[in-house]
Amino acid sequence: MTQWYYEYLDQIANLEFKKKPTQQGGTRLRYQAARQAHGDAPLCGQIAQALEQAISRPDSTVVLVTGTGNPVWLPKGETDGPPGVALLCRVFGALGVRSCVLTEAPFEDGVRRSVEAAGSPVLEPGAWQQRSNAAKVLAYPTGAEAGQRFVDAFLGQHTNIAAVFFIEKPGPNAHGIFHNSTGKPKAPDWVAHAHQLADAARARGILTVAVGDGGNEIGFGRLRSFLEATHPYGRDCGCPCKGGILNATDVDYMLPASVSNWGAYAIAAALCIALRRLDLMPEWDAAEAAIHGALAGGAFDGYTGLAVPSVDDVSLDGNHAIFTLVREVLQMARLTA
Ligand SMILES: [Zn+2]
């Protein structure tokens, strides 16, 4: 029975609303690849079960990496990513698990405001460490060399990491080149090389979970072999690297979604179901506030570049509808528990 609730949540996160012909139909291909790669069972359920185990150790911390943009269209980031992270932080806080959110300095404001708007206190490291339900936001340096130094220091200082999430976080292809979703290469010194953190976490046996909605985000390495032939930019990005846009970073679980925030909502709900703590899922007002919070911190809609409270060009009403469906599944689980 529970398997079906996870199935519904996966489906809700993968309801596609895309206006551009080049994007239409892609959500299904990415999700099908994920099912092939993960043994044909719903992804959010597999993730929730792995998380249940990982956070059972006392004094746990989860790390959530997010943030994407570019200097012209999205100088302070976008509304997809941080609100999903904000919702997960809220659920982890309620479970007595600390959240550490990592993002590039230009996106920090939007991320911090989003996390706080959804209800998690964002504290300085000293206070954060003394509480089990707070969040902190740290700047992830850009560039490969600074990134590797950061990862080594970070993992040295944080010893109780239960899981590392990558939510809508760009990663490089097999040639090490970062691209946007339409194949344009990104300047390597403007982006965090967060795939280094994924590799280091996996080497230490830490659970890694990713959510993405394009193919260029961290985690698609897990699905690459299933997607190369069908993704429009799977083999050829159109740029001189000729490597395609598909990310090459491996993670334990990769949940593709139509909009990455929705994948985060699905994981949060699945975790509530797995733990039989259905009361922990926040109401829409928290998720809505998280979108407004990102906007107040300077983030724009990632598709239109406009300072409006939409996400990937889906209106606030559309996001509300998705969130209502997620809560409907929890309501069904409550009635049949
Ligand atoms: Zn390229």
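The values are calculated or read from the model by the stated rules, or taken from the named source; none is laboratory data. For clarity, every value in this text was computed on a predicted model and none was experimentally measured. Don't worry about glycine lacking a Cβ; one is built from the backbone with ideal geometry, like all the others, and counts go over all protein chains shown. Just so you know, the surface numbers come from the protein's heavy atoms only, side chains and all, with ligands and any DNA or RNA stripped out. Shrake-Rupley method; radii C 1.70, N 1.55, O 1.52, S 1.80 Å.
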Separation between Cα centres of region 58-137 and region 187-203, rounded to whole Å: 18
Which entries of Lys19/Lys136; Lys136/Lys169; Lys20/Lys136; Lys136/Lys184 show an alpha-carbon separation above 29 angstrom in the structure shown? Lys19/Lys136; Lys20/Lys136; Lys136/Lys184
Expected field for Thr182, accessible surface area in Å² at 1.4 Å probe radius, rounded to 10, holds 80
Not counting ligands, DNA or RNA, and with a 1.4 Å probe, what is Phe17's accessible surface area in Å² rounded to the nearest 10? 110
Might you tell me the accessible area per residue for the chain, computed with a 1.4 Å probe and given in Å²? 39
Multiply the residue separation of Met1 and Asp40 by 0.36 nm, subtract the distance between their alpha-carbon atoms, and state the gained length in nm to one decimal. 12.4 nm
Heavy-atom accessible area ranking, 1.4 Å probe, most first, across Ser315, Ser225, Ser260: Ser225, Ser315, Ser260
Using the basic label-point model (7 angstrom from Cα toward the beta carbon), what is the Ser132 to Val308 distance in nanometres? 4.5
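Contact order normalised by length for the chain, with contacts defined as Cα pairs under 8 Å and 6 or more residues apart; what percent is it?
It rounds to 25 percent for the chain.
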How much of Thr61 can a 1.4 Å solvent probe reach, expressed as accessible area in Å² and rounded to 10? 10
Helix-only [θ]222 nm of the chain, DSSP H runs n ≥ 4, -39500 (n - 2.57) each, per residue, nearest 500: -13000 deg cm²/dmol
Per residue Cα convex hull volume for the chain, in cubic angstrom? 112
Of all DSSP beta bridges in the chain, what percent run antiparallel (nearest 5)? 10
Hey, how much of the P(r) for region 276-337 falls beyond 20 Å, as a percent of Cα pairs? 36
Could you please report the charge total around Leu123, scoring K, R as +1 and D, E as -1 over all other residues with beta-carbon less than 12 angstrom from its beta-carbon? +2
Cα-based radius of gyration of region 179-301 once divided by 2.2 N^0.38 Å, which approximates compact folds: 1.21
Scale the Cα Rg of region 115-164 by the rule-of-thumb value 2.2 N^0.38 Å and send over the ratio, two decimals. 1.30
